[in-house]
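A.B. asks: Structure provided below as structure tokens; questions to follow.
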């Protein structure tokens, strides 16, 4: 036996115990990794955020205008007393005691509507009719005859409407859907005052 053989034998004796220990360590690490992968997160752990599928630079799809009823034009604390019907009619130009029918000047509004795109039904009271017979400026009111046969509703129940292009108003007896951008802005005319203004983008017949 050469001097190298005892050295190699000693080396093998040192390595042999290490191999099982290394194998055990690797097996333990693998088992821990698998357990972590399949263990559900604790209750209350927020889920990872989903990746956005929107393409860079893509425009957001505009939302449809929100349908609004007339009670929503009032402040929340006033809606319980809302009455949507007209007052008694006045068929002459003067009311009781020879005085013109007076508008109740209530300008309290729902400020949440300011700047909203809405769709609201109502009756049209023309304020200006062009030489071509088209109406581009009018009051929208909740019932027929308002500002004409009955006292005007309070300002918070009248919407002053303007349109870039006039419309042919076939009948003032028809109800219409008016769509556009609402603003909380006062407007005073010879027929009364309003607490809202609407830049109308669409007018269509209301179908019952």
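A.B. asks: Calculated FRET efficiency, residue 119 and residue 169, Cβ-Cβ r, R0 22 Å, to nearest 0.05?
C.D. replies: 0.75
A.B. asks: Counting each pair of different Cα atoms once, what's the Kirkwood radius of region 66-205 in Å, rounded to one decimal?
C.D. replies: Across region 66-205, the inverse of the average 1/r is 15.3 Å.
A.B. asks: From the square roots a ≥ b ≥ c of the eigenvalues of the alpha-carbon gyration tensor of region 144-196, which class results: rounded (a/c under 1.5), prolate (a/b over b/c), or oblate?
C.D. replies: oblate
A.B. asks: Can you sort 113, 73 so the residue with the fewest Cβ neighbours within 10 Å comes first?
C.D. replies: The order, fewest Cβ neighbours first, is 113, 73.
None of the figures in this text is laboratory data; all of them are computed from the coordinates on show. All values derive from a computational prediction rather than experimental measurement. Note that each Cβ is placed from the backbone with ideal geometry, even for glycine, and that neighbours are counted across all protein chains shown.
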